[in-house]
Amino acid sequence: MTRHHHSDPPRSLLGLWAHPDDESYLSAGLMQRTLRAGGRVTVVALTDGEAGFGEDDPRGVAERRALRRAELGAAMAAIGVTDIRFLGHPDGGLADVPAVGVLDRLVGIAHEVRPDVVVTFGPDGITGHDDHVIAGRLAAEAWRAWGSGELWQAAKTDAWLDEWRTLHDELGIWMTEEPTGVPEDEIAAVLDLTADELDRKRAALAGHASQSDVVAAAMGEPVYRRWIRQETFRRAALVGAP
């Protein structure tokens, strides 16, 4: 089921994300629908996600980066995305990267792929992670500079947050405060994935094994599949963007 203001998926979808796996958790269904309709998908990872390991992990930074890049490749292969761009900025350090250089890269990619929808994080970054918040801010600035199409920000509905609040609290999902639920009049799309779409999304997340395995194990597979089934996007034009 899809509830949205558009009769068709994007023709060209540009995902701008902080780390490998952000794109799969928040937009694997949207990417699938874009591709199935004959559209194009480009995924950009601003960092390689090398900080996403436990303190006791024996791998060095270079090995971690290589693993996370390979995982993103495997994840996108599961849903058919072939255009993947890595910017290679330090994980956990986007705040220290000069914004101008990043914006130039992102605007250049937008001019190349000509997206009618840019998808990224909203102001809360979903989990409150600084890199998520900064990636969303940079994406919004790049979208304004690109000057075309729409900006969709991954979000959660109040109903979804209510349904999962107890589990989130038990597992400590949020890094800061809980995300703010998206008001109904700001929703661009709510995707309730079909069984096939969910299978493919789960396969994509399995590609990100270093990040997803522990979460899926903690929840149990049936609960995890229900938890990832819905994707919600807010249209930025309705929250103060031009």
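If you take the alpha carbon radius of gyration of the range 96-160 and divide it by 2.2 N^0.38 Å, what ratio comes out, to two decimals?
Working: Rg = 12.4 Å, N = 65, 2.2 N^0.38 = 10.7 Å.
Here the Cα radius of gyration is 1.15 times the empirical estimate.
Its DSSP H runs of at least 4 residues, each contributing -39,500 (n - 2.57), put the calculated 222 nm mean residue ellipticity of the chain at -15000 deg cm²/dmol, to the nearest 500. GluC sites (Glu not before Pro) within the range 148-242: which are DSSP loop residues with at most 14 other Cβ atoms inside 10 Å? Sites meeting the loop and neighbour criteria: Glu177.
Above 16 Å lies some portion of the pair distances; for the range 5-50, what is it as a whole percent of all C-alpha pairs? Walk me through the numbers before you get to the answer.
Values: 399 of 1035 pairs.
Summing the P(r) tail past 16 Å for the range 5-50 gives 39 percent.
Every pair of different Cα atoms in the range 146-242 enters the Kirkwood calculation, which places the hydrodynamic radius at 15.0 Å.
At a 1.4 Å probe, what is the % contribution of carbon and sulfur to the accessible area of the range 42-143? Before the final figure, lay out each step's value.
Details: 2280 of 4210 Å².
Answer for the range 42-143: carbon and sulfur cover 54 percent of the accessible area.
The slack in the chain from His111 to Ser148, taken as 0.36 nm per residue of separation less the alpha-carbon distance, amounts to 12.3 nm.
I'd like the per residue volume of the convex hull spanned by the Cα atoms of the range 54-148, given in cubic angstrom. Before the final figure, lay out the partial values.
Values: hull volume 12.1 nm³, N = 95.
Output value, Cα hull per residue: 128 Å³.
Look at where the Cα atoms of the range 161-234 and of the range 85-139 average out, and the two centres are 21 Å apart. Give the percent of DSSP beta bridges with both residues in the chain that are antiparallel, rounded to the nearest 5. Antiparallel bridges make up about 40 percent of those DSSP assigns within the chain. Calculated translational diffusion coefficient of the chain (37 °C, 0.692 mPa s; Stokes-Einstein with Kirkwood radius over alpha-carbon pairs) equals 184 µm²/s.
With a ≥ b ≥ c the root eigenvalues of the C-alpha gyration tensor of the range 10-106, is it rounded (a/c under 1.5), prolate (a/b larger than b/c) or oblate? Display every interim value, and only then the final one.
Values: a/c = 2.59, a/b = 1.44, b/c = 1.80.
Note, shape of the range 10-106 comes out oblate.
Loop-located trypsin sites (Lys or Arg not before Pro) in the range 27-98 (DSSP state other than H, G, I, E, B) with a sparse environment of at most 14 neighbouring Cβ atoms within 10 Å: Arg59.
Across the chain, C-alpha contacts under 8 Å between residues 6 or more apart give a mean separation that, scaled by the residue count, equals a relative contact order of 27 percent.
The length gained by stretching the chain between Met175 and Glu63 to full extension, at 0.36 nm per residue less their Cα-Cα distance, is 37.8 nm.
The values are calculated or read from the model by the stated rules, or taken from the named source; none is laboratory data. Fair warning: this is a prediction, and the values are worked out from it, not measured in the lab. Glycine gets a Cβ as well: all are built from the backbone with ideal geometry, and neighbour counts include every protein chain shown. Keep in mind that these areas ignore ligands, DNA and RNA; they rest on the heavy atoms of the full protein, side chains included. Shrake-Rupley method; radii C 1.70, N 1.55, O 1.52, S 1.80 Å.
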